[in-house]
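The values are calculated or read from the model by the stated rules, or taken from the named source; none is laboratory data. These numbers were taken from a predicted model, which means no experiment stands behind them. All Cβ positions, glycine included, derive from the backbone under ideal geometry; neighbour counts span all protein chains shown.
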Amino acid sequence: MKIDVSLHDDFAVLTLKGEFDTFYCPALIEEVEDQIDDGVNHIILNMRLVKFINSTALGAVIKAHKRCRAEDGDLVIAQPSPFVRDVIVKVGIDKLITMHETEEDAKKAIIKHINQKELAGDAPVEQQKVLITFSDDVRNQMLGAKKRAKQLVGTMSNVDGNHATFTWSGSKDGISADQARQLFFAGSDVNLKFQVKMIKKGFFETVNKIDSVEEADGGEIRVTAKFDQIRDADRAALSQFAEDMAFLKQQLPGK
């Protein structure tokens, strides 16, 4: 079996090709884990080209679905082949994992799910994910990266035209808060990639100098980083966004 990956702003499409049996289960789980590590927790499995699927592979699909749900995301199936559809319906997995007739229908459903989550949120930036990388070999080696810079996933707290503040926990990688502060020491460089969907559909990508690091709840650290390299248009947009949000908060009842 082969897995083709197509990345979008908020989700990934994994197109499976061939026979999906026990041998290929680790490949699917590894790909899903890689997507989650990169901050993508909404996944579409396009299974139109899957000629065969066995019971162990069905278990891997369920495991991948639960993994996405655990990260507050979702996994759906698009355009299953007749064989896959027949097996999934007979076993009853369609009651757990949503199936869509076309990939386009699956994309629309995923986007609707993401938008509903955002509208239900408390703030336009808070709780959005931020992708974090380091350019130097020393810190990447501390994280166990061998071939390329390891990408960490943090959570945005605040942003304006000059700074971004985010939280990060190294517990998943066995990194304590003290070790995390060594990674994010004041004055060091850090690369950030994040979204503020009220003002830009795509990502902001910035190179930053860390201003401060402090402990947060649950063993996390809170990092404030000053933009060192950022597009002029992006800085202006973020500055306007911060001003607009400050004004709107003042107008809310009880403020």
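Test residue 242 against the criterion of being of a type in the set (Gly, Ala, Ser) and modelled with pLDDT under 95, and give yes or no.
Details: of a type in the set (Gly, Ala, Ser): yes; modelled with pLDDT under 95: yes.
Yes.
Residues in region 215-236 that are surrounded by 18 or more Cβ atoms within 10 Å (Cβ to Cβ), not charged (D, E, K, R) and not in a strand (DSSP E or B): 230 alone. Taking the criterion of being surrounded by fewer than 17 Cβ atoms within 10 Å (Cβ to Cβ), within 23 Å of residue 73 (Cα to Cα) and either in contact with a Lys or Arg (Cβ under 9 Å, 6 or more places away or on another chain) or not small (Gly, Ala, Ser) (or both), the residues of region 4-26 that qualify are 4, 5, 7, 8, 9, 26.
Within region 29-78, the residues that satisfy the criterion of being part of a helix (DSSP H, G or I) and under 20 Å from residue 91 (Cα atoms) are 55, 56, 57, 58, 59, 60, 61, 62, 63, 64, 65, 66. Would you point out the residue of region 94-107, among those that are touching a His at 6+ places or on another chain (Cβ under 9 Å) and assigned to a helix (DSSP H, G or I), that is farthest from residue 56 (Cα to Cα)? Only one residue tops the list, namely 107. Set side by side, the residues 89, 61 differ, and just one is over 30 Å from residue 129 (Cα atoms) and among the aliphatic types (A, V, I, L, M), which is 89.
Does at least one position in region 119-127 carry a residue that is β-branched (Val, Ile, Thr) and at pLDDT 90 or above?
Within region 119-127, the first condition is being β-branched (Val, Ile, Thr), and the residues that meet it are 125.
Subset that is at pLDDT 90 or above: none.
No; the residues of region 119-127 include none that is β-branched (Val, Ile, Thr) and at pLDDT 90 or above.
If you go through region 178-214 and keep only what is charged (D, E, K, R) and surrounded by fewer than 14 Cβ atoms within 10 Å (Cβ to Cβ), you end up with 178, 201, 214.
When region 140-161 is filtered for residues that are in contact with a Lys or Arg (Cβ under 9 Å, 6 or more places away or on another chain) and part of a helix (DSSP H, G or I), only 140 remains.
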